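This report concerns only the one structure given below.
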């Protein structure tokens, strides 16, 4: 896969994962359950902020960050060689 395609894929994973994690963490902490007779029951969720943050967004953001780190490390020799040639 070309470098630019890998870079864009890793950035997409990172951004999408962060968006999902943040939206999951800021979700409403109550459930509204409809009953048989047209009423509803409200149930409060007692989970703390970080316990609710655990979703696929965390894994996607982590994968994107690791992928970007690997791409950066692999690109360093080419970047250094370009700097040395420019002097």
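Residues that are at pLDDT below 95 and over 8 Å from the mean Cα position of the chain (by Cα) within the stretch 8-29 comprise 22, 23, 24, 25, 26, 27, 28, 29, listed in sequence order.
The single condition among (1) exposed (fewer than 13 other Cβ atoms within 10 Å of the Cβ); (2) at pLDDT 90 or above that residue 71 does not meet is (1).
Results for (1) part of a helix (DSSP H, G or I); (2) in contact (Cβ under 8 Å) with a residue 12 or more places away in the chain; (3) in contact with a helix residue (DSSP H, G or I) (Cβ under 7 Å, 6 or more places away or on another chain), shown as yes or no for each residue.
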{"site": "17", "(1), (2), (3)": "yes, yes, yes"}
{"site": "21", "(1), (2), (3)": "yes, yes, yes"}
{"site": "38", "(1), (2), (3)": "no, no, no"}
{"site": "58", "(1), (2), (3)": "yes, yes, yes"}
{"site": "70", "(1), (2), (3)": "yes, no, no"}
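Screening residue 28 against (1) surrounded by 11 or more Cβ atoms within 10 Å (Cβ to Cβ); (2) out of contact with any helix residue (DSSP H, G or I) (no Cβ under 6 Å at 6 or more places or on another chain) leaves a single unmet condition, (1).
The values are calculated or read from the model by the stated rules, or taken from the named source; none is laboratory data. Remember, it's a predicted structure, so these values are computed and weren't measured experimentally. Glycine gets a Cβ as well: all are built from the backbone with ideal geometry, and neighbour counts include every protein chain shown.
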